[in-house]
Amino acid sequence: MIVVSTKRELLTLLKPVWKGGKKLGFVPTMGSLHKGHLSLIERSVRENQTTLVSIFVNPSQFNDKQDLLNYPREDEKDKSMLSPILGQKDIVFMPDEKEMYPEPDNTNFNFGKLDKILEGAHRKGHFNGVAQIVKKLFELIKADNAYFGEKDLQQLMIVRKLAMMINCKTSVIACPIVRENDGLAMSSRNKLLNKEQRKEAAKISAALFEAYSLQAKYSPAELKKLIISKLETNKALDLEYFEIADGYELQSLSDWNDSSLIYALIAVKIGPVRLIDNYKLVDNNN
Ligand code: AMP
C-alpha cells in the first residue's frame, strides 16, 4: 500500500487509476481502526481494482471540543492493520487539518427533516461537518464506489442525499454492522471505556435486541416507552434517545404498518463516552 498525506501526491496516484478505467473503491474513516472498518475495506478490495482508505479525524463534525480531543488516534497501528489487507497499489490517505481545510469551510447544507432529528438534534452541526468533508473527499477522489457502515445509519442516509445533491458518480454502498461477541457494535470510541463501562455498554445492543423480540406484543409507542423505562433504571447509562423510526427518513412511527422498513435507534452516554447503535425491526421489502 502507498501512504500519502497531501492532495497533490494523491492526485498523482489517482490520475492513472481514472485513466485506466478500472474500478476505484473509497472507504472514509477517522482511524483507530477495528474489524467494523476492516469489513468495509475488505469489501472494497473485493469489488474494486484499487481501494483508497482515508484516515482523517474531521474537526468540523465534532460539536463537542472535548470529544474531538479525546478521540483515539492510532496512526501507526492503523497502518499495520491495513498492510495485510491492502495490495501494493492501494492507497492510504492521511491528510492533516490544513490539507483538508486550507481555509475555513462555510458551506451550509440543507438535508430537510433528516439532519434535524436524532443525531442531528443532539449534535448540532454534526451532519453539516460530515457533509463538508465527504463532499471534499468525493470530489477529490471521484471513486466508483464508496463504502459506509449501517452503524451510522443516519450518516449513511445523509451521504446518499449528499451524493445526489452534488451530482457525483460515486455509488454509496451500505455495509452491515460488525459487533463484538456480546453484541456491542464495534466503535473506535469503545476503546475509551473502562472495564466496568465496557460491561454496561453491552446493554445498549441488548435493548435493541429486546425491542426486536417484543415487537409483536406492543405498538411502536408502547415498545419505545417500555425500553426507555428499562434503560432509565440503569444508573451507568445516560440515555439520549431511543427511537423507533422508518428506514427512509428516520421519522418516528406510531404504527407498525406505517412503513415497510423500520429501525430502532439509540444513543447513550456512558461516563464521557457517547455510543450509538441501531437494529432493523421490520423489513417487508424482501
Ligand atoms: P468512523 O471511523 O467511525 O468515521 O467510521 C468509518 C466508517 O466505518 C463509517 O462508514 C462507519 O459507519 C463504519 N463503521 C464504524 N463502525 C462500524 C461497525 N461496527 N460495523 C460496520 N461499519 C462500521
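The values are calculated or read from the model by the stated rules, or taken from the named source; none is laboratory data. This one's a predicted model, so the numbers in the text were calculated from it and none came from an experiment. Quick reminder, even Gly has a Cβ in these numbers, built from the backbone with ideal geometry, and neighbours come from all protein chains shown. Areas reflect the complete protein model, heavy atoms only, side chains present, ligands, DNA and RNA absent. Shrake-Rupley method; radii C 1.70, N 1.55, O 1.52, S 1.80 Å.
Descriptive notes on the structure:
- Search result, residues across the stretch 143-160 that are closer than 19 Å to Gly25 by Cα and basic (Lys, Arg): Arg160
- Counted residues, the stretch 265-286 - those being exposed (fewer than 15 other Cβ atoms within 10 Å of the Cβ) and over 18 Å from the mean Cα position of the chain (by Cα): 6
- Complete set of residues in the stretch 63-91 that are farther than 20 Å from Met186 by Cβ, under 21 Å from the mean Cα position of the chain (by Cα) and open to solvent by 20 Å² or more (accessible area, probe 1.4 Å): Asn63, Asp64, Lys65, Gln66, Leu68, Leu69
- Residue in the stretch 165-186 that is away from the ligand (no atom under 12 Å from the Cβ), open to solvent by less than 30 Å² (accessible area, probe 1.4 Å) and of a type in the set (A, V, I, L, M, F, W, C) present: no
- Selected residue (criterion: nearest to the chain's Cα centre (by Cα)) from residues of the stretch 147-164 that are more than 9 Å from the ligand (Cβ to nearest atom) and touching a residue at least 60 places away in the same chain (Cβ under 8 Å): Gln154
- Answer residue from the stretch 254-264, given it is open to solvent by 10 Å² or more (accessible area, probe 1.4 Å) and at pLDDT 95 or above and is nearest to Glu200 (Cα to Cα) among those: Tyr263
- Residue check for Leu208: within 15 Å of the ligand (Cβ to nearest atom) and buried (at least 20 other Cβ atoms within 10 Å of the Cβ): yes
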